[in-house]
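Engineer: Starting off with a structure, shown below.
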Amino acid sequence: MTHTPLNQSQAMAEERMVDEAFREVLDGYLKSNHRKKVEIIERAFKFAREAHKGIRRRSGEPYILHPIAVAKIVSQEIGLGSTSICAALLHDVVEDTEYTVEDIEAHFGKKIAELVSGLTKISGGIFGDRASAQAENFRKLLLTMSEDIRVVLIKMADRLHNMRTLGSMAPNKQYKIAGETLYIYAPLAHRLGLFAIKTELEDLSFKYEHPAAYEEIQKKIEESEIGRSRVYSDFSAPIRARLDAMGLKYEAKARLKSVYSIWNKMQTKHVPFEEVYDLYAMRIVFDCDDPAREKEMCWNIYSAITDLYRLHPDRTRDWISVPKANGYRALHLTVMGPDGNWVEVQIRSRRMDEIAEKGFAAHWKYKIGEGEEESELTVWLRTIKDILENPGPSDIDFLDTLKLNLFASEIVVFTPKGELLTLPAGATVLDAAFALHSELGIHCIAGKVNHKLVSRSQVLNSGDQVEILTSQKQTPQPEWESFLVTAKARTRLRQAVRRLHQPLLDKGRQLLSDWLSTNAIPDVNPVITKILGTYHAANRDELCYRLGAEEIMLGDFLVPQLRKAGETPPQNTSAGRGIINKILRLGKKSDDSTQAEPPAPRKIDTKKVYELTDGPDGPNYVISDCCNPIPGDDVMGWVNYDGSVEVHALTCPRAQVLKAGYGPRIVNVKWPAVPAERFTVHVRIEGIDRMGILQELTSLITTHMAMDIRKVNIEALNELFECDLWVRVSDVSVVTDLEKKLRDINGVQKVARIN
């Protein structure tokens, strides 16, 4: 933000631009069904305009245009009323100017002041420079959300406008903001039922992370528009005729998949754009004045469509009888179109459509009576609050487990009394036990699913009836975590295990400390590493627990070698050990834990593009082994704790965590023009088996393309073959060329690079 003087004509032009932008907010508000409180909105606008006077955004425009844009999103895209519009206009006043929350309360009342206060607490992006600050701020965000969800809805609007204007930011900032948006905000928007906002956040994040891929998919969508429209017209005409004959008032349209979801499908299914067949879905939105008749009308339309087209039996989704946790209701079916491809049809009433697009949150608590049945969303918010008030020890783990639930597809199971439980797909009997009560989870020994005895690790399916069997003798075990998927269950299990182990852990720590002191051995990293290796313990806590439980004892035979290990210069202090633990948690391997203290790290300017080079002393970067990117891939750099630059593919799940949690360490990197070294890539080929196909494959690679094969596995079964190749290449263009030539071989059906 900057202060810049203007001449008179520029100032007048800007005044007009600001007035017009605010007029658009007011006009949209006046068309809504909210009570018209124009006076307080105008006062909030004048107050914010005066407070931000002379301040500019990084793009050069007056700062007040940002709060106005946020207020417009809050009003017209989320559907909130005057209180939220005022809070959106004032959301940066307390943080960026001399005004306080008390000033806001004096001018606009307690409720608006509370919203502004909530927004100020989570301002400046939800993530700090360290992972702990990031998780702590996110905790604040969600705790505030469970008190007044409008705070988070306004924050979502703020993030959406920041994403829409991200082009004016430096590349490393773009990566950080796009990364945390994709990692946290888009899943949160999904969970809150803000479908339109979730889709736009994903597309904008993708646009800044993979600009070339984004442009390419956009271009292909435009090129295929005419053919797609013709196919949709042929498919929809008979349906329209049938609905017209039924006398329905409705709107039918093709809903195109977003650029991000098309790309996601291409990545997960390893198919080119041309093989993504479900590019569009048909959406039918009908008018119905009586909510009690909505379900009946949905099924009538379903019946009409299945009279015309063949139904896919496994792809019907009834979100009317059992709505999603975010309030989403619709009936989905998939039928075979005239061109032989499957087409999804979504059937909704006008009310369902509004909730689906703008979010159940807009209808929640502020528009329904107090006597209304508690919504799934309210239950979810209470669960989140429950987790947040009793957080686990590791902040990164906290974010990862919460992320599991934010974006999970759902199943619905029943208790023996007929109560509904909404759980993420893949949830087990133990997840259900913890969802019902922590004590049930801690003492769970098994379960009964549909009256049949099963283990606590049994994965549940929608519609299952689940009964939890417990025993007071059962104690929680750390290995249970391997089959838990819900954040609540993981958090509660860790707390229970910690409570159980704490006395033995404390006893073991004291035994270790006394033994080292008695034998005059320093408590330094090389010494502890030696002990861990001797007793095959994964970390210090495990060693101390086993000592406390008397599973192991420290013997005198260790003393001479430990004294020798203690003589080498200590590699790290306790603070250093914390850093090494962080590195290990981020997947960086440390092969020699007893090496001398590393040299001082290089200072790297993260604001500039970092040139990856291969000098005489080797490359100035490290290729991460979690995703193995090669030149030509979209990548980012992460400045490690030792000052080295770790290169990650932007699609790498680890990169998502790094961008979200360690934004200031992200650096925009550029591959060398001519890479000095070669990189190994894994390519999978699938097709119809025939005599001599392996010879053709290897001949193409070694003779015609002069490539070095490092490894090959081929297996044929039932006339089909699958071949895994590892070859050495210089950059991604070579891989693209290889894939193209392999697809031309007779019998090859599918070729994909595996990261």
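Engineer: Hey, residue 112 hits all of (1) modelled with pLDDT of 80 or more; (2) surrounded by fewer than 21 Cβ atoms within 10 Å (Cβ to Cβ); (3) not in a loop (DSSP other than H, G, I, E, B) but one; which does it fall short on?
Structural biologist: Of (1) modelled with pLDDT of 80 or more; (2) surrounded by fewer than 21 Cβ atoms within 10 Å (Cβ to Cβ); (3) not in a loop (DSSP other than H, G, I, E, B), only one is false for residue 112: (2).
Engineer: Then there is this: For region 560-574, check the following and say yes or no: at least one residue is surrounded by 11 or more Cβ atoms within 10 Å (Cβ to Cβ), modelled with pLDDT of 75 or more, hydrophobic (A, V, I, L, M, F, W, C) and farther than 30 Å from residue 677 by Cα.
Structural biologist: Yes, region 560-574 has at least one match.
Engineer: Say we look at region 718-745 and pick out the residues that are over 31 Å from the mean Cα position of the chain (by Cα) and either outside the structural domain of residue 683 (by TED's automatic domain parsing) or without any contact (Cβ under 8 Å) to a residue 24 or more places away in the chain (or both); which of these is surrounded by the most Cβ atoms within 10 Å (Cβ to Cβ)?
Structural biologist: Taking region 718-745 as the starting set, the residues that turn out to be over 31 Å from the mean Cα position of the chain (by Cα) are 718-723, 725, 727-730, 734, 737-738, 740-745.
Among the residues that remain, those that are also either outside the structural domain of residue 683 (by TED's automatic domain parsing) or without any contact (Cβ under 8 Å) to a residue 24 or more places away in the chain (or both) are: 718, 740, 743-744.
Details: 718: 6, 740: 10, 743: 14, 744: 9.
Filtering region 718-745 for residues that are over 31 Å from the mean Cα position of the chain (by Cα) and either outside the structural domain of residue 683 (by TED's automatic domain parsing) or without any contact (Cβ under 8 Å) to a residue 24 or more places away in the chain (or both), the one surrounded by the most Cβ atoms within 10 Å (Cβ to Cβ) comes out as 743.
Engineer: Further question on the same structure: Only one of 734, 727, 681, 751 is assigned to a strand (DSSP E or B) and within 20 Å of residue 619 (Cβ to Cβ). Can you tell me which? I'd like the intermediate steps shown before the answer.
Structural biologist: Working: 734 fails: assigned to a strand (DSSP E or B); 727 fails: within 20 Å of residue 619 (Cβ to Cβ); 751 fails: within 20 Å of residue 619 (Cβ to Cβ).
Unique residue meeting the criteria: 681.
Engineer: Any residue in region 506-528 that is more than 16 Å from residue 565 (Cβ to Cβ) sitting within a Cβ distance under 8 Å of a residue that is basic (Lys, Arg)? List the pairs, counting only those 6 or more apart or interchain.
Structural biologist: Every condition considered, the pairs that remain are 508/546.
Engineer: Sort out which residues of region 316-358 are surrounded by 19 or more Cβ atoms within 10 Å (Cβ to Cβ), β-branched (Val, Ile, Thr) and in contact (Cβ under 8 Å) with a residue 40 or more places away in the chain, and write them in order of number.
Structural biologist: 343, 345, 347, 355
Engineer: Sort out which residues of region 257-280 are within 23 Å of residue 335 (Cβ to Cβ) and not in a helix (DSSP H, G or I), and write them in order of number. Give the derivation first.
Structural biologist: Residues of region 257-280 within 23 Å of residue 335 (Cβ to Cβ): 257-258, 261-262, 265, 269, 271, 274-280.
257, 258, 271, 276, 277, 278, 279, 280 - these are the residues of region 257-280 that are within 23 Å of residue 335 (Cβ to Cβ) and not in a helix (DSSP H, G or I).
Engineer: Looking only at residues in region 296-315 that are surrounded by 14 or more Cβ atoms within 10 Å (Cβ to Cβ), closer than 21 Å to residue 338 by Cβ and hydrophobic (A, V, I, L, M, F, W, C), which one is modelled with the lowest pLDDT?
Structural biologist: 311
Engineer: Ok, one more. So which pairs qualify, if the first residue must be in region 690-715 and under 14 Å from residue 748 (Cα atoms), the second must be at pLDDT 85 or above and in a helix (DSSP H, G or I), the Cβ gap must be under 9 Å, and the two must be at least 6 apart or on different chains?
Structural biologist: 697/742; 700/738; 700/741; 700/742
Engineer: Give me a count of the residues in region 456-470 that are modelled with pLDDT under 90 and either over 31 Å from the mean Cα position of the chain (by Cα) or part of a loop (DSSP other than H, G, I, E, B) (or both). Spell out the reasoning first.
Structural biologist: Just the residues of region 456-470 that are modelled with pLDDT under 90, to begin with: 461-465.
This time we only want the ones that are either over 31 Å from the mean Cα position of the chain (by Cα) or part of a loop (DSSP other than H, G, I, E, B) (or both), so: 461-464.
So the count comes out to 4.
Engineer: Output the residues belonging to region 512-548 that are modelled with pLDDT of 85 or more, surrounded by fewer than 16 Cβ atoms within 10 Å (Cβ to Cβ) and assigned to a helix (DSSP H, G or I).
Structural biologist: Of everything in region 512-548, those that are modelled with pLDDT of 85 or more, surrounded by fewer than 16 Cβ atoms within 10 Å (Cβ to Cβ) and assigned to a helix (DSSP H, G or I) turn out to be 513, 514, 517, 518.
Engineer: Conditions first: (1) over 31 Å from the mean Cα position of the chain (by Cα); (2) touching a residue at least 40 places away in the same chain (Cβ under 8 Å); (3) surrounded by fewer than 16 Cβ atoms within 10 Å (Cβ to Cβ). Residue 271 passes all but one, so which condition is the exception?
Structural biologist: All conditions pass for residue 271, except number (1).
Engineer: Filter region 490-505 down to the residues that are within 30 Å of residue 424 (Cβ to Cβ) and in contact (Cβ under 8 Å) with a residue 24 or more places away in the chain and list them by number.
Structural biologist: Scanning region 490-505 gives 490, 491, 492, 493, 494, 495, 496, 498, 500, 501.
Engineer: Quick check on this structure: which one of 260, 277 is in contact (Cβ under 8 Å) with a residue 24 or more places away in the chain, outside the structural domain of residue 72 (by TED's automatic domain parsing) and surrounded by 21 or more Cβ atoms within 10 Å (Cβ to Cβ)? Talk me through it step by step, then tell me what you get.
Structural biologist: Numbers: 277 fails: surrounded by 21 or more Cβ atoms within 10 Å (Cβ to Cβ).
Checking each option against the conditions leaves just 260.
Engineer: With 104, 73, 78, 64 as the choices, which residue is closer than 30 Å to residue 353 by Cα, crowded, with 19+ Cβ neighbours inside 10 Å and modelled with pLDDT of 85 or more? So that I can check it myself, show each step before the final result.
Structural biologist: On the way: 104 fails: closer than 30 Å to residue 353 by Cα; 78 fails: modelled with pLDDT of 85 or more; 64 fails: closer than 30 Å to residue 353 by Cα.
Testing whether each residue is closer than 30 Å to residue 353 by Cα, crowded, with 19+ Cβ neighbours inside 10 Å and modelled with pLDDT of 85 or more leaves just 73.
Engineer: Of 507, 488, which residue is at pLDDT 85 or above and either surrounded by fewer than 20 Cβ atoms within 10 Å (Cβ to Cβ) or under 38 Å from the mean Cα position of the chain (by Cα) (or both)?
Structural biologist: Details: 488 fails: at pLDDT 85 or above.
Just a single option satisfies the conditions, and that option is 507.
Engineer: When you go through (1) under 25 Å from the mean Cα position of the chain (by Cα); (2) farther than 30 Å from residue 165 by Cα one by one for residue 217, which number turns out not to apply?
Structural biologist: (2)
Engineer: To continue, here is another question. Of all residues in region 503-527, which are among the hydrophobic types (A, V, I, L, M, F, W, C) and under 18 Å from residue 551 (Cα atoms)?
Structural biologist: Initially, region 503-527 is screened for residues among the hydrophobic types (A, V, I, L, M, F, W, C), giving 504-505, 511-512, 515-516, 520-521, 524, 527.
Of everything in region 503-527, those that are among the hydrophobic types (A, V, I, L, M, F, W, C) and under 18 Å from residue 551 (Cα atoms) turn out to be 504, 505, 511, 512, 515.
The values are calculated or read from the model by the stated rules, or taken from the named source; none is laboratory data. Just so you know, these numbers come straight off a predicted model, no measurement behind them. Cβ sites come from the backbone with ideal geometry, for glycine too, and all protein chains shown count toward neighbours.
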